Amino acid sequence: MRKISLTGWILIAMLAGILTGLVIHFNASKEWITGFSSAISLVTEIFLRLIKMIIAPLVFSTLVVGIAKLGDIKAVGRIGGKTLLWFLSMSLISLLFGMVMMNILQLGEKLHLPLPETTVKATLEQTSISFKNFIEHVFPESIVEAMATNQILQIVAFSVFFGIATAAIGEQGKIIIKGLDAVAHVVLKMTGYVMKLAPLAAFSAITAVLAIKGPEILYTYGKFIISFYASILCLWAFLILIASLFIGKRALQLVYRVKDAVLLAFSTASSESAFPQLLSELEEFGCPNKIVSFVLPLGYSFNLDGSMLYMTFASLFIAQAYGMHMPLMQQVSMLLVLMLTSKGIAGVPRASLVVIAGTLSLFNIPQQGLLLLLGIDQILDMARSATNVVGNSLATAVVSKMENSLGIGYTEEK
């Protein structure tokens with residue numbers, strides 16, 4: 001009898017979660033559902049905490065070893081330049097695609113919402129859109145604080161300096177490299193243990209949402225959800241097409257290989273939950289460790305394609321809902337602001353809402369409009385988290401190919 005894969009178990013868990021959530025929604029009291037959802041969500045929260053526990057040591061150890069193996073600062077600069085160029089290009093494409101889709105679909109124009117009073121304040125936190133603040137955020141005041149709060153961009157900055165310095169001191173540095181290489185393998189082993197909880201986390205996340213919201217959430221926002229998911233699928237196809245110009249048919253093979261990580265990000269609405277497994281999958285695909293450990297952590301700060309699409313999608317939907325006409329140049333300005341302010345956001349649930357809130361206020365669009373989407377944000381976040389994983393996987397493979405380092409994969413070689 002064939003053993004069920006992790007993908008199979010996650011799919012089974014998601015289907016079971018949908019059925020369980022709907023049964024509870026229709027057969028239990030509101031008070032009981034609230035208590036049940038709070039209790040069962042604890043499983044998902046524990047899983048995400050375990051994943052976050054792994055991320056900082058994994059990023060630091062793999063990135064330092066990878067940079068040290070690159071040998072010199074020129075190699076780091078070369079690969080970093082190619083990586084950032086790809087990230088910025090794909091982010092711009094994702095933002096632009098969201099803008100085009102909303103101008104075509106005009107999903108919010110029929111709502112005709114009255115503009116709220118200026119005295120009314122939205123409950124959502126704003127984020128700073130200062131370029132100065134962004135640059136300051138890149139460099140940590142304390143690496144301990146950065147690791148404690150999982151500030152991936154700051155961990156990357158410290159790791160780059162640490163890796164270059166380690167390679168520069170010669171023989172003594174090799175001792176550190178060997179030790180951190182061992183740490184990386186230990187943390188990846190821990191990842192294997194944590195991943196056994198993935199189906200339970202997926203089940204609890206889906207059950208909690210459906211138990212509270214029920215099928216009504218799909219009826220009320222059906223057109224928006226369907227349009228967004230259709231746009232996401234189109235973006236997937238476009239990203240795969242662009243990647244195939246560099247790596248050919250292997251772009252589709254890669255997406256299939258990382259399906260477990262994609263499903264995990266989808267079911268938990270967190271692209272961070274897939275990070276540890278994605279490292280292993282990309283290396284097995286044939287991407288060298290030194291490039292995977294460098295590109296992937298950067299991708300989690302600079303290359304969130306799903307979140308990029310959602311930002312223009314949601315911002316223009318809210319503007320349309322309030323009857324606010326935005327000229328093309330103003331939309332482009334918003335796109336560029338989102339391009340800047342989104343860099344460095346964490347790949348965790350609700351992070352993009354914070355960026356959108358700050359951008360809306362800059363263009364005098366009522367932030368209260370975000371409350372329209374909060375009810376379905378979990379469902380939308382699932383799609384954009386999965387897309388972030390796909391985009392970062394393709395980016396890593398493309399950069400590996402640019403460096404003429406994309407192998408046939410460990411499995412095939414054996």
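Return the residue satisfying two criteria in turn: it lies in the range 250-294 and is under 16 Å from A395 (Cα atoms) and of a type in the set (D, E), and of such residues it is surrounded by the fewest Cβ atoms within 10 Å (Cβ to Cβ). Filtering the range 250-294 for residues that are under 16 Å from A395 (Cα atoms) and of a type in the set (D, E), the one surrounded by the fewest Cβ atoms within 10 Å (Cβ to Cβ) comes out as E284.
Pick from I4, I46: which is free of Cβ contacts under 8 Å to residues at least 40 places away in the same chain, within 24 Å of L279 (Cβ to Cβ) and aliphatic (A, V, I, L, M)? Exactly one of I4, I46 is free of Cβ contacts under 8 Å to residues at least 40 places away in the same chain, within 24 Å of L279 (Cβ to Cβ) and aliphatic (A, V, I, L, M), namely I4.
Residues in the range 151-167 include at least one that is of a type in the set (S, T, N, Q) and not in a helix (DSSP H, G or I).
Cβ-Cβ distance below 6 Å, separation of 6 or more or different chains: which pairs start in the range 295-313 with a residue that is under 18 Å from T83 (Cα atoms) and end on one that is part of a loop (DSSP other than H, G, I, E, B)? Sorted first by the residue in the range 295-313, then by its partner, the pairs are Y300/G347; S301/G344; F302/K343. Taken over the range 332-359, the criterion of being at pLDDT 70 or above and either touching a Leu at 6+ places or on another chain (Cβ under 7 Å) or surrounded by fewer than 18 Cβ atoms within 10 Å (Cβ to Cβ) (or both) is satisfied by V332, S333, L335, L336, V337, L338, M339, I356, A357, T359. E171 meets all of the listed conditions (1) over 25 Å from the mean Cα position of the chain (by Cα); (2) under 15 Å from S61 (Cβ atoms); (3) not basic (K, R) but one, namely (2). The test for being β-branched (V, I, T), over 30 Å from I175 (Cα atoms) and in a helix (DSSP H, G or I) does not hold for I55. Condition check: modelled with pLDDT of 80 or more and of a type in the set (K, R). Does K82 satisfy that? For K82, the condition - modelled with pLDDT of 80 or more and of a type in the set (K, R) - is met. All of M324, M308 fail the test of being surrounded by fewer than 20 Cβ atoms within 10 Å (Cβ to Cβ) and either assigned to a helix (DSSP H, G or I) or touching a helix residue (DSSP H, G or I) at 6+ places or on another chain (Cβ under 9 Å) (or both), apart from M324.
The values are calculated or read from the model by the stated rules, or taken from the named source; none is laboratory data. The structure presented is a predicted model; accordingly, all values stated were derived computationally and were not measured. Note: ideal-geometry Cβ built from the backbone for every residue, glycine included; neighbour counts use all protein chains shown.
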